[in-house]
Structure formats: C-alpha cells, structure tokens
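**Student:** Got a structure for you, written out below as structure tokens; questions coming shortly.
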Amino acid sequence: MSHRRLYMEATQRPLEPYCDCEFPQSVLLATYTGYIPDLVKCRCGERTEKKQNVNITSEKNSEDDKQLEESICQPNGLQWNWEQNETTDTLIKDADITFHPTYSQGTAIVRSVRPLKAGMVHFWEMRIITPLAGTDVMFGVGTDKVELNQFQYHFVSALGTNAQSWGFSYNGKIQHNGVQLPYGQKFSQGCIVGVCLDRARGTLEFYLNRRSLGIAYTNIPRDPQVQLYAMVCSTAAKSVVRLINSTSQMDCLQLRAFKALSKHPKDLQLLRQMPGFRGVLNDYWFLTPPVRYSRRSAASELDIADEAVLSKSRLGRKQKYKDDDLDINDLYSNAHKIAMRCSPETDEELHASELFDEYFHYLF
C-alpha cells in the first residue's frame with residue numbers, strides 16, 4: 001500500500017484516545033440525569049502531586065528511577081479557568097464545561113475568564129469527556145468582539161466564521177474568516193486537545209494528544225489593545241470538555257532557547273538533570289510535554305517517515321498563508337501543509353450518524 005493511501009486512511013479515521021481510561025458511552029449519556037463529569041475519573045496528563053511507587057530491585061536501579069522522575073517536566077496546573085456566563089446554554093463548574101445539558105437548539109460558546117495578554121506565550125489543554133458529534137465542536141481563540149450567544153439558535157461552526165476568531169474543529173479542519181482548511185486528524189472522546197498561542201510572534205498552533213500539528217495561523221494580533229480569549233464552542237447535546245492545564249509565560253530569550261533546544265531530546269535530557277535548571281524548565285513543560293499513548297493508538301500511530309514522504313506532494317497545492325519566515329525543513333512547523341482533504345469514495349463509507357444533527361446522534 002502506498003504512503004499516500006496510508007496517510008489518507010490514517011487522517012480519515014478518528015484519533016485514538018490519549019490513554020486507556022474508561023469513558024462513558026453515548027447510550028449511557030442519553031438517559032443520564034446526573035453530573036456527567038463525575039462519571040470520569042481519568043487524571044492522565046494532569047499535574048500529579050505524588051509520584052507513583054516503583055519496585056526497587058537494587059540501589060542502582062532506585063537511583064536511576066529517581067533521576068528519571070526528577071528530570072520529567074510536569075504540567076503546572078491551572079493558571080486560569082473558564083468564565084461563567086448565564087446567557088449561554090452551558091453548565092460550567094470549575095474546569096468542566098457541559099454544553100447543552102438537556103438538549104441542543106444551537107451553538108454555545110465559552111471563553112476564558114481573562115484575556116490572554118500580548119507579548120506572552122499561552123498554552124492550555126482540554127480533555128474531551130464525551131463523544132463528539134453533530135455540526136461542530138471547536139477549540140481556539142477569539143477577540144472580545146465575539147458574541148457568545150450569537151448562534152444560540154443556529155447550528156454553525158462558530159469559531160472562525162469571521163475575522164474575530166480562529167478555530168480547530170473535531171473534524172480535523174481549521175477555520176478563520178469563513179475559510180476552512182484541512183489541518184489534522186479527526187478526534188473525539190478521550191483525546192487531549194492542546195492550543196499554543198504565541199502573542200509575541202502572532203502564531204497559533206494546535207496539538208492532539210500532545211503531538212504538535214504544526215503552526216495553523218500566523219496572523220494572530222500582537223497589538224496589546226486587542227483582547228484575545230481562549231474559546232470552545234459546541235452544538236452537541238451533553239458534550240463535556242475539561243480544562244486540565246493552562247499556563248502563560250513571558251516571551252524571553254530563555255523561552256526561545258528552550259524551544260530551540262526542544263528539537264534535540266538528548267541535549268535537553270542532559271539539561272534537565274542539572275539541579276539549577278529543573279525549576280525553570282518546569283515552567284516551559286508545554287514545549288516538550290510528556291507523551292503517553294493508549295495501547296490502541298500505539299498500533300495505529302502514523303509514522304513520522306510516512307508524513308515526510310508526502311511533504312513534497314503538497315508543494316504544488318495552493319496554500320492560504322505564506323510561511324516564508326519558517327524553516328521549510330521543520331516538519332512539525334509545516335505539518336498543516338501535508339494534511340490531505342479526503343472525502344468518501346462511495347456513499348457506503350458514510351456513517352449514518354454523520355447525516356443527523358444533535359437531536360438524534362445519541363441514538364446511534
């Protein structure tokens with residue numbers, strides 16, 4: 001089978017979950033009347049205060065394990081959370097958002113409790129608690145001019161409908177100013193969506209299960225007068241998203257040096273073992289986040305070599321944005337250039353749930 005065919009099949013099927021933890025199925029959610037986030041006990045990828053116990057076989061192994069644990073950068077928790085808004089059809093409790101708790105009649109938008117300041121690098125991660133279906137569920141950013149209840153009676157892909165927002169859909173596409181582009185793989189329940197907003201350089205980058213999909217946009221406002229917020233929107237009834245990490249760091253030479261060093265894992269590992277650097281590097285954990293794949297995803301993960309083979313085939317295709325200032329040899333920074341648009345060859349390949357909207361998707 002050709003590399004192109006392998007890549008098309010890999011990007012068409014939904015991404016496997018980040019971990020092997022149990023999540024509630026659609027059949028249960030359809031009739032469940034309690035608080036849905038309580039059904040999920042998974043804390044994978046979140047900050048852990050206690051380290052797991054390790055079986056000690058020798059003094060040497062014990063010392064090696066200790067050094068390994070100390071050298072891993074952990075997430076630093078939540079520096080900001082979601083904004084409470086009674087005008088939207090959502091239930092927000094701490095870091096959990098439940099969209100359309102009863103039934104859906106439109107699109108709900110939620111934003112962060114505070115704007116993301118210019119001149120800083122912001123990163124946040126969200127765990128998808130429930131299966132995603134319906135018109136759209138999107139993750140991204142938007143200015144203070146975005147009306148959160150604008151589409152409360154309309155099923156739309158809200159983030160990116162105009163010049164005031166940028167969004168990444170669970171269908172694998174990005175959208176801004178009404179223009180959709182292929183970008184990544186479909187994803188759903190159990191996945192972790194990461195967003196890196198660089199307001200010092202005006203770039204927006206998305207992650208899936210802590211793997212970078214490349215820079216999506218390079219036209220993010222850097223003007224301090226423009227207020228930008230983290231945003232999530234959903235049309236799906238009883239869809240739940242949990243914020244698990246959020247951090248904001250000042251742009252400085254130290255951050256840029258660590259970002260450049262993050263492309264050299266061996267050198268980075270040596271630096272992490274230096275006691276004086278551990279605290280500093282933990283602040284920048286999101287540049288090299290600890291990756292953990294489920295057993296299911298380990299077998300289906302697309303090899304990076306397959307993506308590299310396809311990069312040349314995309315050079316002739318029209319691109320929405322020019323990345324002349326980026327390194328063309330950097331596969332991750334240009335990953336969106338090799339994302340391929342794939343449509344079913346026959347009607348038999350369409351799943352029935354894709355032909356219905358929020359009122360019925362829980363029946364499948």
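**Student:** Which is farther than 22 Å from Arg272 by Cα, exposed (fewer than 12 other Cβ atoms within 10 Å of the Cβ) and modelled with pLDDT of 90 or more, of Thr102, Thr57, Thr107, Thr90?
**Tutor:** From the options Thr102, Thr57, Thr107, Thr90, the qualifying one is Thr102.
**Student:** Further, regarding this structure: Within the range 182-193, can one find any residue that is more than 16 Å from the chain's Cα centre (by Cα) and not aliphatic (A, V, I, L, M)?
**Tutor:** No - not one qualifying residue is present in the range 182-193.
**Student:** Here's another thing I want to ask about it. Find the residue count for the range 259-280, including only residues that are without any contact (Cβ under 8 Å) to a residue 12 or more places away in the chain and in contact with a helix residue (DSSP H, G or I) (Cβ under 7 Å, 6 or more places away or on another chain).
**Tutor:** Result for the range 259-280: 4.
**Student:** Looking at the range 132-147, can you tell me whether even one residue there is at pLDDT 95 or above, open to solvent by less than 10 Å² (accessible area, probe 1.4 Å), farther than 20 Å from Ala236 by Cβ and among the hydrophobic types (A, V, I, L, M, F, W, C)?
**Tutor:** Looking for residues that are at pLDDT 95 or above, open to solvent by less than 10 Å² (accessible area, probe 1.4 Å), farther than 20 Å from Ala236 by Cβ and among the hydrophobic types (A, V, I, L, M, F, W, C), one finds at least one in the range 132-147, hence yes.
**Student:** So Leu287 ticks every box in (1) of a type outside the set (Ser, Thr, Tyr); (2) in contact with a Leu (Cβ under 9 Å, 6 or more places away or on another chain); (3) surrounded by fewer than 21 Cβ atoms within 10 Å (Cβ to Cβ) but one. Which box is left unticked?
**Tutor:** Condition not satisfied by Leu287: (3).
Quick grid of which residues meet (1) hydroxyl-bearing (Ser, Thr, Tyr); (2) touching a strand residue (DSSP E or B) at 6+ places or on another chain (Cβ under 7 Å); (3) closer than 19 Å to Asp96 by Cα; (4) assigned by the TED database to the domain that holds Ile36:
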{"position": "Trp166", "(1), (2), (3), (4)": "no, yes, no, yes"}
{"position": "Asn219", "(1), (2), (3), (4)": "no, no, no, yes"}
{"position": "Arg222", "(1), (2), (3), (4)": "no, no, no, yes"}
{"position": "Gln225", "(1), (2), (3), (4)": "no, no, no, yes"}
{"position": "Leu228", "(1), (2), (3), (4)": "no, yes, no, yes"}
{"position": "Met231", "(1), (2), (3), (4)": "no, yes, yes, yes"}
{"position": "Ala236", "(1), (2), (3), (4)": "no, yes, yes, yes"}
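**Student:** Which residues, counting only those in the range 194-206, are touching a strand residue (DSSP E or B) at 6+ places or on another chain (Cβ under 8 Å) and open to solvent by less than 20 Å² (accessible area, probe 1.4 Å)?
**Tutor:** Those that are touching a strand residue (DSSP E or B) at 6+ places or on another chain (Cβ under 8 Å) and open to solvent by less than 20 Å² (accessible area, probe 1.4 Å): Gly194, Val195, Cys196, Leu197, Asp198, Arg199, Leu204, Phe206.
The values are calculated or read from the model by the stated rules, or taken from the named source; none is laboratory data. Here the structure is a predicted model, which means the values were calculated and not measured. Cβ: placed from backbone, ideal geometry, glycine included. Neighbour counts: every protein chain shown. For accessibility, only protein heavy atoms count, side chains too; no ligands or nucleic acids. Shrake-Rupley method; radii C 1.70, N 1.55, O 1.52, S 1.80 Å.
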